Structure formats: C-alpha cells, structure tokens
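Trainee: Got a structure for you, written out below as structure tokens; questions coming shortly.
Nothing in this text is a laboratory measurement; each read-out follows from the coordinates by a stated rule. A quick note: this is a predicted structure, and the numbers were derived from the prediction, not measured. In this analysis, Cβ positions are derived from the backbone assuming ideal geometry, glycine residues included, and neighbour counts consider all displayed protein chains.
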Amino acid sequence: MQGIRKIALTAGIVLTLSACSHEEKSPNVKTAEKIVAAGQAGGPMSPGAFKATITSAGPPGKMKPGEKATITVKVKNDGDAAWPAHGRASDGFFQVNLGDIWFDANNAKVEKHPYVRSGLPHDVAPGEEVEVNLAITAPSSPGQYTMQLDLVQEMVTWFSEKGNPTPKFKVTVGG
C-alpha cells in the first residue's frame, strides 16, 4: 500500500512539473527566463549598491503653493551593482526610482503631499550616469521649505537612509 502512495505522489509531482513547463496561458504571467531578460528586480540590492551621485540645478527658488515644475536630475551609480529600472513583475517592488522629499522650516517632513517618483530610463550599471526628469509639486502652504532629491529602492529603503549624501534645495513657497 505504501508503494502505491509513493507512485501516486511521484506521478502527481511529474504531472505538476510538466504542467508548469508549458507556455504561459496569461499575458500577465511571464516565465522566469523572460523576467530575467526584462531586467526585473527580484529582491533588495546589496548594501554596496546604495551609492550614488545626484546632481541638479534644482527647483526654482520661489514657487507658488501647489505649483508644479519639472526638473532634470543626473544620477550616477557609484555602487557595486546595477540599479534595476523595473521591479518585481507582480507588484513593482524593488525597482529604483528618483523622488523628492519636502521638509518644512522645522525640518519636519511634509506628510500630506502629492509625491511623485520618476523611474530610471533603463537598468543603470556601476559607473553609469543617466538623466531623469522629475515632476515636483510645491507644498500647499506658504513658507520656507527644503526639497531633498533622493533615490529609493521601492519597498526597501531610500539611499540617504543607507548613508548616501543627497542634494537639498531651499525653496520659498508663497502666494
């Protein structure tokens, strides 16, 4: 009887494996080979990958509350691994994006703000530099602010939280 169970279990595994090896049935499901070819990230980067040089002329020195602008930012990979431009296929986790973080005059992060991040144009190899356009929005209340530019590996951490220096710009928001 135990021998029959082993045969049935083995047959079940073979059937399951052979079913998995057929071409995908849904266009949203990709084989592992296609995911690797697309350069999608599968997990957090190594600690040495969170190193960058970020440069920009920055935002305008004065903006109206809620005003939108687009700035050009250069990011250079100073780390030891490529930064993935695309995240995990199912949810986008682990891709690297450029973002802005606003702080008020007391250096408190502006929480209720329409933060938008910009993706990299492609995977960025160590030593490579790319330009990224970033859409920014000034805070909705007048005041003195600091806007910080930073890279983030989604669902992992901001580069600045790993000790990477980031540029900061003073912006006066007024009516």
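Trainee: What is the sum of charges, Lys and Arg at +1 and Asp and Glu at -1, for the other residues whose Cβ falls under 15 Å from the Cβ of Val116?
Mentor: Numbers: positive: Lys68, Lys112, Arg117; negative: Glu67, Asp100, Asp150, Glu154.
Residues close to Val116 contribute a combined charge of -1.
Trainee: A further question follows. For the pairs Lys109/Lys168; Lys62/Lys112; Lys76/Lys112; Lys68/Lys112; Lys51/Lys74, flag any whose C-alpha to C-alpha distance is greater than 18 Å.
Mentor: Values: Lys109/Lys168 13 Å; Lys62/Lys112 20 Å; Lys76/Lys112 30 Å; Lys68/Lys112 16 Å; Lys51/Lys74 14 Å.
In this structure, Lys62/Lys112; Lys76/Lys112 lie more than 18 Å apart at Cα.
Trainee: Could you list Asp80, Asp150 so that the one with the fewest beta carbons within 10 Å of its beta carbon is first and the one with the most is last? Each step should come with its number before you reach the end.
Mentor: Numbers: Asp80 13, Asp150 21.
Exposure proxy ranking, most exposed first: Asp80, Asp150.
Trainee: Please identify the GluC sites (Glu not before Pro) of segment 94-151 that satisfy two criteria: DSSP loop assignment and at most 12 other Cβ atoms within 10 Å. Which are they? Could the numbers behind the result be given before it?
Mentor: Numbers: sites: Glu111, Glu128, Glu129, Glu131; in loops: Glu111, Glu128.
Here the GluC sites (Glu not before Pro) that fit, given the DSSP loop and packing criteria, are Glu111.
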